[in-house]
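Here the structure comes first, spelled out in structure tokens, and everything after it is commentary.
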């Protein structure tokens, strides 16, 4: 590709900004950090566009750079110890019995986002790429330059950890109504 013209660059931003921001948000865990990562990624795209061959290469490149930049942000943040399951239960807020299905779905989605943010960085990255970006483990391994076995292991361990935490923290969604 040649140097980007303004219209072409705007088209690429419009086409890929949701993907870039979403990956950055789920990996970095903070809205402001995700915005900064997305801006940095698109600035780098503008500078590196001549090296990118086609649309497929651009999408691959954007995913890769976003993951790396968001991971860098995550590493810079103060590391907090993983929250104990008992502490998670203290945070649980029971939904009113008259809550609509949409409210329940929004609450479940918010809780799952919280669980995702508690995963160690490598597990979080592969879970986001697998289930948000619908990438195969082979594609993730290529994107992250990691052995396929490592990707599969991180994916399996990440999902197992989320399931264990969900069993403890999301019991309010399966209560049987006893007082």
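The values are calculated or read from the model by the stated rules, or taken from the named source; none is laboratory data. What you see is a predicted model, and the numbers here were worked out from it, not measured in a lab. With ideal geometry, Cβ positions are generated from the backbone for all residues, glycine too; neighbour counts draw on all protein chains shown.
If you check residue 157 against the conditions, is it over 21 Å from residue 66 (Cβ atoms) and in contact with a helix residue (DSSP H, G or I) (Cβ under 7 Å, 6 or more places away or on another chain)?
yes
Which one of these is surrounded by fewer than 17 Cβ atoms within 10 Å (Cβ to Cβ), modelled with pLDDT of 80 or more and either closer than 27 Å to residue 147 by Cα or under 18 Å from the mean Cα position of the chain (by Cα) (or both): 124, 111, 117, 130?
So the residue among 124, 111, 117, 130 that is surrounded by fewer than 17 Cβ atoms within 10 Å (Cβ to Cβ), modelled with pLDDT of 80 or more and either closer than 27 Å to residue 147 by Cα or under 18 Å from the mean Cα position of the chain (by Cα) (or both) is 117.
Within the range 7-58, count every residue that is in a loop (DSSP other than H, G, I, E, B) and surrounded by 14 or more Cβ atoms within 10 Å (Cβ to Cβ).
3
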